[in-house]
Structure formats: C-alpha cells, structure tokens
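The next block holds one structure in the form of structure tokens; read it before the comments.
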Amino acid sequence: IGTAEASAMAGNVLDSSKAMGLSVDQGAKLFGTLMSAGNMSAAMAERTAEGAYQLAAMNNVNPNLVMQDMADSAEVIAKFGADNLDSITKAAIQARKMGLNLKDVEGIADNLLDFQNSLNKEIEASVILGRDLNLQKARELALTGDLSGMMDEVLKQVGGEAKFNEMNRLER
C-alpha cells in the first residue's frame, strides 16, 4: 500500500480506537491481532471491532470495557484463531456480565481440557453445589474453541448467570 493509504488507515484505526475507549497502544494491538489472527484487511478489522462494540452495547455491557478486554487479550484471540472470532467476541461480553474477562474464560477452557483434573473438579463442584454437574459438552466446546458455547454450557450447568453471580469465590 502507498504512503497515503497507510496514513489514512492509521487515522481510521486511531479514530475507531478512541471511539471505543481504547488507548492508541490498545487499538493498535487489537487491530493488529484481528488483522493477523483473522487474516483481515484493516477495513475488515475495523468493521469487526465496531461490530463487537455494538454487540456489547446491545447486551447492556459496557462496550469500552469489552473492547479493552479484547485488546488486552490478543494472545487469547490468536490462540483460538480466526474461525472463532464471533465466539470470542460473545465470550468477552458474557465474561464481562459475570465480572470476568477473556483471560478468565481462557483459564476455564484450559481447565476443562485438563481432563483428569477437570473430572475431579466437576465432582467436587457437584458436592459443593448440591447438584449433579455434567461438563462433558463444555469440554467438547472448549476443545473446538467455541468459547461462547462453552460459557453458555457452564452457566447452564450452574443454573444460569444470576445463580453464578450469587456464588461465592469457592463455588465459582
């Protein structure tokens, strides 16, 4: 691309970053991650980020915090890849609703995929919560990188978002 195009692209990224409550560094990191992990042009990355911002707002979640979380979670986005960008965006919004962030969601996925330890924790959680849990579907979704589906399944198993938010630290 030419110098004029690069300058215009940088200006668009800066404007979008500011509008989404991101610092220059966070904006550059988020757009760079979307462009490299998602194999997107700058315009596509901008539309994807703006879509995530709007989706957060429609879900009554502070979109600036969701975008900051996504910007600060470039490694998570790169790890789960381009095929899962929609799921990652939805998971970031779900996480924010629950007082968590994408790195917490990644930790949940990693723990679910540590099968032996996960099975032991599932039994312990069943005893603590007084109900039978079955996190097999959540494990399958984590394995495929469907973070949003995984979070939906975990919430379903614990009784929903409201029930999760009522839990103490040990129960969570």
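When Ala95, Ala71 are checked against the criterion of being within 16 Å of Ala138 (Cβ to Cβ) and touching a Leu at 6+ places or on another chain (Cβ under 7 Å), Ala95 stands alone in meeting it. Among the residues of the stretch 47-62, those identified as surrounded by fewer than 22 Cβ atoms within 10 Å (Cβ to Cβ) and assigned to a helix (DSSP H, G or I) are Arg47, Thr48, Glu50, Gly51, Tyr53, Gln54, Leu55, Ala57, Met58. For the stretch 36-46, filtered to residues that are within 15 Å of Ile88 (Cα to Cα) and outside any loop (DSSP other than H, G, I, E, B), the residue that is modelled with the highest pLDDT is Ala45. Of all residues in the stretch 111-141, those satisfying the criterion of being in contact (Cβ under 8 Å) with a residue 12 or more places away in the chain, part of a helix (DSSP H, G or I) and surrounded by fewer than 17 Cβ atoms within 10 Å (Cβ to Cβ) are Leu113, Phe115, Ile128, Leu129, Lys137. The criterion of being closer than 15 Å to Leu34 by Cβ, open to solvent by less than 10 Å² (accessible area, probe 1.4 Å), assigned to a helix (DSSP H, G or I) and in contact with a helix residue (DSSP H, G or I) (Cβ under 8 Å, 6 or more places away or on another chain) does not hold for Ala95. Per this entry, Gly107 is not counted among residues that are exposed (fewer than 14 other Cβ atoms within 10 Å of the Cβ), under 29 Å from Ala74 (Cα atoms) and in contact (Cβ under 8 Å) with a residue 24 or more places away in the chain.
The values are calculated or read from the model by the stated rules, or taken from the named source; none is laboratory data. Given the structure is predicted, the values throughout are model-derived calculations rather than measurements. FYI the Cβ positions are ideal-geometry reconstructions off the backbone, even for glycines, and counts take in every protein chain you see. Areas reflect the complete protein model, heavy atoms only, side chains present, ligands, DNA and RNA absent. Shrake-Rupley method; radii C 1.70, N 1.55, O 1.52, S 1.80 Å.
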